[in-house]
1. State whether one or more residues within the range 148-161 are in a strand (DSSP E or B), in contact (Cβ under 8 Å) with a residue 40 or more places away in the chain, within 18 Å of Val70 (Cβ to Cβ) and within 16 Å of the chain's Cα centre (by Cα).
2. Find the residue count for the range 71-123, including only residues that are of a type outside the set (S, T, N, Q), assigned to a loop (DSSP other than H, G, I, E, B) and within 24 Å of Asp10 (Cα to Cα).
3. Is one or more of the residues making up the range 5-13 under 25 Å from Phe152 (Cβ atoms), hydroxyl-bearing (Ser, Thr, Tyr) and either in contact with a strand residue (DSSP E or B) (Cβ under 7 Å, 6 or more places away or on another chain) or touching a residue at least 24 places away in the same chain (Cβ under 8 Å) (or both)?
4. Examine the range 190-201 for a residue that is among the basic types (Lys, Arg) and modelled with pLDDT of 90 or more, and state whether such a residue exists.
5. Pick from the range 151-161 the residues that are surrounded by fewer than 23 Cβ atoms within 10 Å (Cβ to Cβ) and of a type outside the set (A, V, I, L, M, F, W, C): which of them is nearest to Ala11 (Cα to Cα)?
6. Scan Gln205, Gln137 and give me the residue that is more than 19 Å from Val63 (Cβ to Cβ), in contact with a His (Cβ under 7 Å, 6 or more places away or on another chain) and in a loop (DSSP other than H, G, I, E, B).
7. Mind telling me which of the residues Asp10, Asp55, Asp64, Asp25 ends up being among the acidic types (Asp, Glu), over 13 Å from Gly119 (Cα atoms) and at pLDDT below 95?
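The values are calculated or read from the model by the stated rules, or taken from the named source; none is laboratory data. These numbers come from a predicted model, not from an experiment. Cβ sites come from the backbone with ideal geometry, for glycine too, and all protein chains shown count toward neighbours.
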Amino acid sequence: MAMNEKNLADAKTMRKSWEARAGSDPLYAIDARRRNWEVRDFYSQGAQLVEEIVDPALKVLSVDPSGLRVLEIGCGMGRLFEGLSHRFAEVWGIDISQGMIEQGRAQCPVEAKWILGDGVSLNGVDSESIDYVLSYQVFIHARQPSIVRGYFAEMQRVLRPGGTFQVHLRGGSNSFRQAIVRGMPRPLRVASGVALRKIGVLPVQGDIDTWLGCVVPPDQALSMLTAVGFIDIEALDIEFNGFPQGHTATYWVVGRKPAQAF
């Protein structure tokens, strides 16, 4: 995948930010629904999450996951791995943070293949080696849509013919306050991030843009996926019990790689 200087700079900032989060409060950085997670509770809720967010997509795509290999982009410490292992034959995960991967290897309750990513591609994953790609609460932190677009192309590369995917994206701001901060010039956003962190409103380390992320409206996402060759593409609103209806401005896209080249 071609990597421009802007994407590489963003990836460097993203890695630095997520390494800082891995070294401070990694469980909260991965799942902000609770301020103080116990490791056991953190992993135990992963199985329910898979039931609530993965099973509906599998149904829409008419996929039987038994015997298949799944790759989670932005796997963190492998929160979803146990639930995925009950459905898929092999679980692979790729993440930009070495710290997250090391903690996941030490604490995740199931076996998996862990890959350190570069933040702009799926280097380390062979072409046409994956049956199902999953990414949850990862691209909502991407600093610009071109990063997301690049990963879509990489998903096309690593999926086997007929392989399928589900990806979680941000279609807007979660609140009026968040929309105001997102609309500020970058220097003001950075300053506001520092101030919000000091008063405890933004209790995570790292660059604010690697937490706020960019907005990718559904029509833009579907256009990008079509451009790289995916078919059967659909935008879905999969709600789950961790957040009340309408609390987030996120959505899912699902689709399929053609079974054969045209």
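1. From the range 148-161, those in a strand (DSSP E or B) are 159-161; that's our starting set.
From what's left, in contact (Cβ under 8 Å) with a residue 40 or more places away in the chain: 159-161.
The next check asks that each one be within 18 Å of Val70 (Cβ to Cβ); those that pass are 159-161.
Within this subset, residues satisfying the condition of being within 16 Å of the chain's Cα centre (by Cα) are none.
No, the range 148-161 has no match at all.
2. Quick first cut of the range 71-123, residues of a type outside the set (S, T, N, Q) only: 71-84, 86-96, 99-102, 104-106, 108-120, 122.
Retained after the next criterion (residues that are assigned to a loop (DSSP other than H, G, I, E, B)): 74-80, 86-89, 96, 108-112, 117-120, 122.
Then drop every residue that is not within 24 Å of Asp10 (Cα to Cα), which leaves 74-78, 96, 117-120, 122.
Here the count works out to 11.
3. Looking for residues that are under 25 Å from Phe152 (Cβ atoms), hydroxyl-bearing (Ser, Thr, Tyr) and either in contact with a strand residue (DSSP E or B) (Cβ under 7 Å, 6 or more places away or on another chain) or touching a residue at least 24 places away in the same chain (Cβ under 8 Å) (or both), one finds at least one in the range 5-13, hence yes.
4. Residues of the range 190-201 among the basic types (Lys, Arg): 197-198.
Add one more test, that the residue is modelled with pLDDT of 90 or more, and what stays is none.
There is no residue in the range 190-201 that is among the basic types (Lys, Arg) and modelled with pLDDT of 90 or more.
5. Glu154
6. Numbers: Gln205 fails: in contact with a His (Cβ under 7 Å, 6 or more places away or on another chain).
None of the other options fit; the residue is Gln137.
7. Asp25
Results for (1) surrounded by fewer than 17 Cβ atoms within 10 Å (Cβ to Cβ); (2) in contact with a helix residue (DSSP H, G or I) (Cβ under 6 Å, 6 or more places away or on another chain); (3) at pLDDT 95 or above; (4) of a type outside the set (Phe, Trp, Tyr), shown as yes or no for each residue.
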site: Ile101; (1), (2), (3), (4): no, no, yes, yes
site: Val125; (1), (2), (3), (4): no, yes, yes, yes
site: Val133; (1), (2), (3), (4): no, yes, yes, yes
site: Gln144; (1), (2), (3), (4): yes, no, no, yes
